[in-house]
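Reading through the structure tokens given below for one structure.
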Amino acid sequence: MPKGRKNSLAYSRLVSAVTAFSGARGRLSLVAVLVLLAVVVAGCATSGKGVREYSEQLDAWTRSTKIYDGIDVRLTMNATFRNRDFRAAYVRRYVEAYRLEEGSKEAMDTREAEESELYNEFFVSVSAPDSSLNDLDSKRSVWKLYLEDGAGAVLSPVSVKRISTSSALISTLFPYMDTWSVGYIVRFPRYSASGTEPVPNEKSKYLKLRIAGLLGSGSLVWKLDSDK
């Protein structure tokens, strides 16, 4: 069924429900009507092609690991590799949700493409029972992060930025975030130390995001030839 007909049908059903409720219980409050309308609009906004594509890319490019102390979990880390495929789906999701014009989409596509040429970027969430261990952005962090490609490249981050995770936007785009998680944007160089060889490249077997320290270590692996 075309999208417009689906929206019209949903609205007609809403009106019928409101009418029936009003007849049975008297005048329906404005607040109740607005709540019902919001439900219909939200349903329409989360059923588009952009939502499905973004969900598929999020699943394809997200990995997780845990570091243990005996049988106890010391740290949990989830990470999404924001490569070109993921960034393209992110733009479509954002444009669809906010009903942006084509010019805005083109500007976002250009910016995301430029950033993907400069950095290997990851959205990372970390949760730890001991909050002092959740300090990836600290210069004195107990953890070190590395990016490896299985072909000899070992890169250190150029930046680790803690971000606000209280907004509905973050929790919607990265649903593995929870109340106990801290979010980070972690950027690694796009090129090797020589500056001539991109990472990843045709020799790369995988990308491995490694977290290591005296308290333990963990790895998140993206097999580039088969994980898309």
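Summarising the label geometry, the points placed 7 Å from Cα in the beta-carbon direction at R52 and S171 lie 2.7 nm from one another. Distant-in-sequence amide contacts of R82, defined by a placed amide H-H separation under 5 Å and a gap of 5 or more residues or a different chain, comprise E121, F122, F123. On full extension, the segment bounded by K205 and W180 gains 5.6 nm, given 0.36 nm per residue less the C-alpha separation. Rounded to the nearest Hz, the phi-derived 3J(HN,Hα) couplings of segment 203-213 under the Karplus curve 6.51 cos²θ - 1.76 cosθ + 1.60 (θ = phi - 60°) are 8, 5, 8, 6, 10, 10, 8, 10, 10, 8, x, where x marks glycine and proline. You can think of it this way: the chain between S64 and R162 has 33.4 nm of extra reach, that is 0.36 nm per residue less the Cα-Cα gap.
Holding the Cα-Cα limit at 29 Å, pick out from K144/K203; K105/K144; K161/K208 the pairs that are longer than that. List each step's numbers first, then the result.
On the way: K144/K203 25 Å; K105/K144 36 Å; K161/K208 20 Å.
Correct reply: K105/K144.
With r defined as the distance between the Cβ atoms of I71 and L118 and R0 fixed at 45 Å, what FRET efficiency is calculated, to the nearest 0.05?
Values: r = 42 Å, r/R0 = 0.93.
In this case the efficiency is close to 0.60.
Between L100 and S217, the simple spin-label model (points 7 angstrom out along Cα→Cβ) gives 4.0 nm.
With Rh defined as the Kirkwood radius, the inverse of the mean 1/r over Cα pairs, the Rg/Rh of segment 86-228 is 0.98.
Mind giving me the FRET efficiency for A193 and S132? R0 is 30 Å, r the Cβ-Cβ distance, nearest 0.05 is fine.
After rounding to 0.05, the efficiency reads 0.40.
Here the Karplus curve 6.51 cos²θ - 1.76 cosθ + 1.60, taken at θ = phi - 60°, turns the phi angles of segment 52-67 into couplings of 5, 5, 5, 4, 5, 5, 4, 5, 5, 10, 10, 10, 9, 8, 10, 10 Hz, with x standing for Gly and Pro. Please name whichever of A168, A107, G150 sits farthest to the positive end of the charge dipole of segment 49-222, dipole taken about the Cα centre and charges placed at Cβ: Lys and Arg +1, Asp and Glu -1. Working it through, the farthest residue towards the positive pole turns out to be G150.
Just so you know, all these numbers are worked out from the coordinates, no wet-lab data involved. Predicted, not measured: the structure shown is a model, and the values here were computed from it. No Cβ is skipped: glycine too gets one built from the backbone with ideal geometry, and neighbour counts run over all protein chains shown.
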